[in-house]
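Have a look at the structure below before the remarks.
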Amino acid sequence: MAIFRRDRRPKRQPSDPAKADLPRLGKKTGKKSPPRGLAERPRGKAPGPKRSLTHVGGKVETEGVAEEAQKLAFALDVKASTDRDDDTTRSYVHGFHSYPARMHPVTAQRLAAAFVPRGGRVVDPFCGSGTVLVEAMILGMKPTGLDLNPLAVRLAKLKTTPRTDTELDHLVHQAEAVAEFAHARRKTKAGASRRFGLEDIALFEPHVLLELDSLALGIRELGKDHARGDLELVLSSLLTRMSRRRGDTSEGAAPRRLAAGFVTRQFAGKARELADRLREFRNTLPSAAQAPASVRQGNATKPAKLPGAPFDALITSPPYAATYDYADHHSVRLRWLGLDATEMRRNEMGARARYADIPALAAAREWMGELRSFLTAMAGQLAPCAPVILLMADSAVGASALRANELVAKAARVCGFKPVARASQARPHFHGPTAAAFRARPRMEHALLLRKE
Ligand SMILES: C[S@@+](CC[C@H](N)C(=O)[O-])C[C@H]1O[C@@H](n2cnc3c(N)ncnc32)[C@H](O)[C@@H]1O
């Protein structure tokens, strides 16, 4: 069967998709007034809707075992939202911190509901900020996450550790104490607590840098307090937004005029929002005694026994070839949090910088090698016949497209996996220098189902 090849025939979608969804939290009704000293938008640009990995809509192509392909198509086909408040990527704890190529939570939820048995064990070996883990916990499953990026591990752990009301109240209390400390330093014109490198000086307005410094100092002074790790991530969530950079994955400048005290007020507000989201998440879990997800730092292309193995299913969105450099995108956050990026720089799969100077054929070969190492590492961790679902988009090297469905199908066969079904949907390509690669045939995002043979 020519599985994972192109198929132009759109297949019918489930007649009542809503029935397959589990109930989600109600929307918040209270409208918050904008914080004082509202930050200006980047000049000349109105904020667009947030893009999430699978958040575009459009026709879905399917191939392979029809029943399985339909489940994949349903998971992939999440309607676009242009209303920020209505954007499901921002409900629960998902939207607390930006993360490049985050999976759409509705996609994660639908995949887990369709392919993981009730109460089953699911692994996401490229867990990123933890979208699959959060949704699996809400469905009462036992998730395990792995990621090479220490920031991802911290975020995924934060989101998947249920907290008591006392812990959440304490988090808000400590955030307010740190904010008060930072306000006081600003008012008394206390100088920087340390010398800053040229990178930070170029990235932030001087008064913003001073406020961030006071917040970081206030957090450090919490010592071994439980709230410290959470507040470090609250600070991390603000870094790019308060900088002169347009976004994590963009070097473009976005000059911002921020009023004095704005960064500190945002910090306290963000901590309150995090506590609310964690409370909602905990209240949504099917059992009050639900254990946290097991999350660890590690390389998904190197065999190592994971806690929870053998797994009933694997659901993940691996990095795309030659598309992102997570170590670079997160370098500011990693530096501010004191996290070690050495392993990340050495072993990041698909890192764009590594693919930049190699010809297309060699790039495809290299990518196949990475996919094979990953599938081989995971084969020993799965129960017999366990489904493996990969959410991946096509990428490009120069003017050549790397079609994820075709390369995964080839790699799978030599690693003892059988391609069973796929669903694919067109996605825009935002990278100008490689635009020619998708002129003849659009770039697609694929939900690919494999099973161990
Ligand atoms: C597409 S992102 C996953 C996003 C995630 N699904 C989410 O919703 O946040 C791919 C992830 O792969 C991680 N990664 C890259 N190379 C890796 C490797 N060799 N082993 C484990 N994780 C790796 C990156 O750090 C990144 O978090």
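Laboratory data are not the source of any read-out in this text; all were calculated from the coordinates shown. Everything quoted here is computed from the prediction, not taken from an experiment. Positions of Cβ are generated from backbone atoms using ideal geometry, with glycine treated the same way; all protein chains shown enter the neighbour counts.
Global dimensions of the range 165-281 from alpha-carbon coordinates: Rg and Dmax equal 14.3, 42 Å. Computing FRET efficiency as 1/(1 + (r/R0)^6) for residue 291 and residue 331, where r is the C-beta to C-beta distance and R0 is 51 Å, gives about 0.95.
Per residue and in Å³, how big is the convex hull formed by the alpha-carbon atoms of the range 351-422?
Values: hull volume 6.4 nm³, N = 72.
Per-residue hull volume (Cα only) is 90 Å³.
Mind listing P(r) for the range 142-200? All alpha-carbon pairs, 5 Å bins, whole percents. Percent of pairs per bin, in order: 4, 13, 12, 13, 16, 17, 14, 8, 3, 1, 0. Cross-link partners for residue 418 among the aspartates and glutamates, with Cα-Cα distance under 17 Å and sequence neighbours closer than 8 places in the same chain left out: 63, 67, 68, 312, 406, 453.
Evaluated at q = 0.13, 0.21 Å⁻¹, the base-10 log of the normalised Debye intensity for the range 222-323, with identical point scatterers placed on the Cα atoms, takes the values -0.85, -1.21. Peptides 121-128, 139-146, 201-208 ranked from most to least packed, by the mean per-residue count of other Cβ atoms within 10 Å: 121-128, 139-146, 201-208. From the cross-link list 59/79; 142/452; 157/452; 59/410, which pairs have alpha carbons spaced over 19 Å apart? Too far apart for the 19 Å limit: 142/452; 157/452; 59/410. Within 11 Å, Cβ to Cβ, of residue 306, how many net charges do the neighbouring residues add up to if Lys/Arg are +1 and Asp/Glu are -1? Residues near residue 306 contribute +2 overall.
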